[in-house]
Amino acid sequence: MTARSPVFLWMLASGTLIAGTACGQDFPTRPLRIVTSAPGGSSDFTSRLIAQGLTESLGQQAVVDNRGNFGGDQLAKAQADGHTLLVDGASLWIGPLIQKTPYDPVRDFAPVTIAVRAPNVIVVHPALPVKSVKDLIALARARPGELNYGSGGIGGASHLPAELFKSMAGVNIVNVNYKGTGAAVNALLAGEIQMMFANAAISTPHIKSGRLRGIAAASLEPSPLLPDLPTVAASGLPGFESIILQGILTAGKTPAARIARLNQEIVRVLNRPDIKERFMNGGVEPVGSTPEQLTAKMKYDMAQLGKMIKDLGLRAE
């Protein structure tokens, strides 16, 4: 058998590279389906802005498919061709640590990008005599088991941050569980509960109106969404972080060239000045990351919160 020349091998490798690139550039070949939460939610808002931008840039219609809490189920069943996307938050990869799900977030999904983020905010009813994290910790230590906080469901975005806060601060604050974050916020506004962790989009209007008092933002650095609020980390609990983010994922085993094309196009949409302005006005900060950065965030969350979930014996009701 005659040995193949270096030139032939170079041509073979180049042909493979070109084919891979073409696979990404010829995509998509039909409308994109963006699966997300129920209409009116924050993930729905994100999905519709991204769908608008992708429709304009790709020449294919991007259609939002509202599936409520079953988006992960839908993506796990989708073809691994990049034409189905999911916009969801950390509950997608934290949920399986608390209850049985028909999907494995690492095996069944391929991260594309972090779309948007916003810090959780510690908000209290104005009647609670605290104005800082140090005040809150001091009061909770003086009255163990007497203070309460609201959450929108076991293992949700308003529950786990509060439990992490309790653990790091060494305080006993009682959880009052509601059917959704909106119901918990309404209870806080009515004075039925004393505090909660609420995302910036929900809490900012009530902080500005004076109906709630913002104590601190749970980002490591001051948030451009709430520049006047100190961070929890700088107010007595170094390293404390609770960020609400929405990631965009596609089906596992989707070709890398198609994931790269999706990432390129979605990040371009997120960086459009008009889209950025609409996101900021909606209470979230557009990001646009690499797939690897979303993967790292997912693994970090599962490792950090997984131990706490196990130690507390948390199970969804």
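The values are calculated or read from the model by the stated rules, or taken from the named source; none is laboratory data. None of the values given here were measured: they were computed from a predicted structure. Positions of Cβ are generated from backbone atoms using ideal geometry, with glycine treated the same way; all protein chains shown enter the neighbour counts.
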Study note, to complete from the structure: Scanning the range 215-258 for residues that are among the charged types (D, E, K, R) and surrounded by 16 or more Cβ atoms within 10 Å (Cβ to Cβ), the one farthest from GLN74 (Cα to Cα) turns out to be GLU241
Check your understanding: In the range 81-97, which residue that is over 13 Å from ALA110 (Cβ atoms) and in a strand (DSSP E or B) is modelled with the lowest pLDDT?
Key -> ASP88
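Table: residues versus (1) farther than 18 Å from SER47 by Cα; (2) within 19 Å of the chain's Cα centre (by Cα); (3) touching a residue at least 24 places away in the same chain (Cβ under 8 Å).
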site: SER223; (1), (2), (3): yes, yes, yes
site: ILE244; (1), (2), (3): no, yes, yes
site: ILE248; (1), (2), (3): no, yes, yes
site: PRO255; (1), (2), (3): yes, no, yes
site: ALA260; (1), (2), (3): yes, no, yes
site: MET280; (1), (2), (3): no, yes, yes
site: ALA296; (1), (2), (3): yes, yes, no
Review point. Which members of the range 108-161 meet the condition of being crowded, with 21+ Cβ neighbours inside 10 Å, among the small types (Gly, Ala, Ser) and not in a loop (DSSP other than H, G, I, E, B)?
Key: ALA110, ALA115, ALA118, ALA140, GLY150, SER151
Exercise for review: Kindly provide the set of residues from the range 208-228 that are at pLDDT 95 or above and of a type outside the set (S, T, N, Q), ordered by number.
Suggested key: GLY210, ARG211, LEU212, ARG213, GLY214, ILE215, ALA216, ALA217, ALA218
**Study point:** Test: ARG48 is closer than 30 Å to LYS208 by Cβ, of a type in the set (Lys, Arg) and surrounded by 20 or more Cβ atoms within 10 Å (Cβ to Cβ)
**Key:** no
**Study point:** Qualifying positions in the range 81-102 - touching a residue at least 12 places away in the same chain (Cβ under 8 Å), surrounded by fewer than 24 Cβ atoms within 10 Å (Cβ to Cβ) and more than 18 Å from the chain's Cα centre (by Cα)
**Key:** ASP81, HIS83, THR84, GLN99, THR101, PRO102
Check your understanding: Is it the case that VAL185 is buried (at least 18 other Cβ atoms within 10 Å of the Cβ), within 20 Å of LEU226 (Cβ to Cβ) and assigned by TED's automatic domain parsing to the domain that holds LEU226?
Key -> yes
Exercise for review: Go over the candidates ILE154, ILE122 one by one and state the one that is at pLDDT below 95, closer than 25 Å to VAL284 by Cβ and among the β-branched types (Val, Ile, Thr).
Suggested key: ILE154
Practice item. Please state which of the following conditions ALA142 fails to meet, knowing it meets all the rest: (1) touching a residue at least 12 places away in the same chain (Cβ under 8 Å); (2) more than 28 Å from ARG67 (Cβ to Cβ). Key: (1)
